[in-house]
Amino acid sequence: MDSRKVWIYGLIDPRDNEVKYIGKTFRLERRFKDHLNGKGNTLKTAWIKKLKKSNLIPELFILDETNIKNCDSLEIYWISQMKTWGFSLKNMTNGGDGSYGVKPWNKGLKDVFHHTEESKKKMSIGRKGMNTWSKGMKHTEESKQKMSESRKGVKIDKNKNNGFGNKKVYCYNKMGEIVKIYKSGRETINDGFSPNCVSKVCRKLEKTHREHIFSFNEIKNFNLEDYNKFTWNKNKKGLYKHSEETLKKLKDSKKINSKRKKLFIYDLNFNLIKVYDSMKKIKKDGISYYMVRNICINKSLKPYKEMIFSNVELKK
């Protein structure tokens with residue numbers, strides 16, 4: 001059963017503080033925005049548009065909190081009650097019209113509904129003469145110039161599909177020896193490669209993929225240095241130095257990662273709750289490993305999720 005909360009709410013006219021509308025929702029903020037941006041020929045929409053012309057918006061207040069099972073009956077009750085108290089509501093029904101939690105009758109079913117030939121004919125007649133959104137639109141001279149320049153030098157073979165899935169791909173090892181020639185990039189998946197990553201190597205966006213080099217063309221003059229990965233600060237000394245504090249944290253982090261350390265969990269009164277053999281086991285209980293790891297590295301006793309974590313046993 002759907003356990004979402006549903007709020008019965010009202011909208012007030014700021015000019016006279018009169019209640020003008022009663023509704024229900026499980027997303028108050030979004031529903032209020034829908035009211036403000038509403039379209040259609042309803043009393044409520046006309047009222048809100050009139051307010052907005054005066055630079056005003058209705059005020060929202062909560063009448064009741066319930067669940068999906070009871071929301072329709074409560075909405076009917078509050079609409080009836082407000083009318084009894086003399087409020088002139090903009091609701092066009094007596095309430096209870098929503099369908100929260102109701103599954104469509106055809107959900108998950110295919111081919112259970114078909115338009116009759118008569119319906120299809122009516123829809124066809126109804127759409128005749130309707131213009132598409134782009135009909136009559138023309139490109140500016142500036143747009144035409146940009147499109148022309150972008151296509152200069154591009155040769156298109158109409159009889160050939162030039163997509164990645166139909167291009168020949170050459171696979172080499174890091175010694176420059178050819179390993180295999182694939183008829184298309186998609187075939188690389190059969191040998192455990194990612195076609196997406198292979199495409200990036202072929203387009204020279206990446207150097208290698210899984211210790212292999214890929215190319216759309218046969219590589220004749222192979223230079224291994226062109227395919228070695230490098231860092232931005234390679235051979236550049238003195239550009240960046242860690243502070244002593246950062247070096248100490250990195251050192252402590254390596255110590256924690258290199259050895260399995262016990263994790264002691266305490267409540268806010270420092271009563272022992274649980275002991276783990278390894279920090280990573282807390283993931284099973286829905287606790288963030290990285291958050292706890294940082295707490296232990298910094299040797300902080302700051303509570304997290306109303307618990308205290310430590311790699312050493314604490315004394316009261």
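The values are calculated or read from the model by the stated rules, or taken from the named source; none is laboratory data. Predicted, not measured: the structure shown is a model, and the values here were computed from it. Backbone-built Cβ (ideal geometry, glycine too); neighbour counts: all protein chains shown.
Show the residue pairs that are 6+ apart or on different chains and have beta-carbon atoms under 6 Å apart, the first residue being within the range 173-194 and farther than 12 Å from residue 210 by Cα and β-branched (Val, Ile, Thr), the second being modelled with pLDDT of 85 or more and in a loop (DSSP other than H, G, I, E, B).
Taking only residues 6 or more apart or on different chains, the pairs are 179/173.
Mind counting the residues in the range 273-316 that are in contact with an Asp or Glu (Cβ under 8 Å, 6 or more places away or on another chain) and loosely packed, with under 13 Cβ neighbours inside 10 Å? Give the derivation first.
Just the residues of the range 273-316 that are in contact with an Asp or Glu (Cβ under 8 Å, 6 or more places away or on another chain), to begin with: 273, 297, 306-308.
Going one step further and asking which of them are loosely packed, with under 13 Cβ neighbours inside 10 Å, we end up with 273, 306.
The number of residues fulfilling the criteria is 2.
One residue is enough: does the range 226-236 have a residue meeting the conditions at pLDDT below 65, surrounded by 10 or more Cβ atoms within 10 Å (Cβ to Cβ) and not in a helix (DSSP H, G or I)?
The initial filter retains those residues of the range 226-236 that are at pLDDT below 65, namely 228-236.
Checking which are surrounded by 10 or more Cβ atoms within 10 Å (Cβ to Cβ) leaves us with 228, 233.
So of that shortlist, the ones also not in a helix (DSSP H, G or I) come out as 228, 233.
Looking through the range 226-236, at least one residue is at pLDDT below 65, surrounded by 10 or more Cβ atoms within 10 Å (Cβ to Cβ) and not in a helix (DSSP H, G or I).
Can you work out which of the residues in the range 1-35 that are among the basic types (Lys, Arg) and assigned to a loop (DSSP other than H, G, I, E, B) is farthest from residue 62 (Cα to Cα)?
In the first step, residues of the range 1-35 are kept if they are among the basic types (Lys, Arg); the result is 4-5, 15, 20, 24, 27, 30-31, 33.
Filter again for assigned to a loop (DSSP other than H, G, I, E, B), leaving 4, 15, 27.
Details: 4: 16, 15: 19, 27: 12 Å.
Checking each candidate, the answer is 15.
Looking for something touching a residue at least 60 places away in the same chain (Cβ under 8 Å) and among the polar types (S, T, N, Q) - is there at least one such residue anywhere in the range 1-23?
Scanning the range 1-23, I find at least one residue that is touching a residue at least 60 places away in the same chain (Cβ under 8 Å) and among the polar types (S, T, N, Q), so the answer is yes.
Quick check on this structure: which one of 263, 250 is within 34 Å of the chain's Cα centre (by Cα), at pLDDT 70 or above and surrounded by 15 or more Cβ atoms within 10 Å (Cβ to Cβ)? Please lay out each step first, then the result.
Values: 250 fails: surrounded by 15 or more Cβ atoms within 10 Å (Cβ to Cβ).
From the options 263, 250, the qualifying one is 263.
Within the range 293-314, restricting attention to residues that are in contact (Cβ under 8 Å) with a residue 24 or more places away in the chain and in a loop (DSSP other than H, G, I, E, B), which residue is farthest from residue 283 (Cα to Cα)?
First, pick out the residues of the range 293-314 that are in contact (Cβ under 8 Å) with a residue 24 or more places away in the chain: 293, 296-298, 303, 306-314.
Cutting the leftovers down to in a loop (DSSP other than H, G, I, E, B) gives us 298, 303, 306, 311-314.
Working: 298: 20, 303: 17, 306: 17, 311: 16, 312: 19, 313: 21, 314: 22 Å.
Residue satisfying both the conditions and the ranking: 314.
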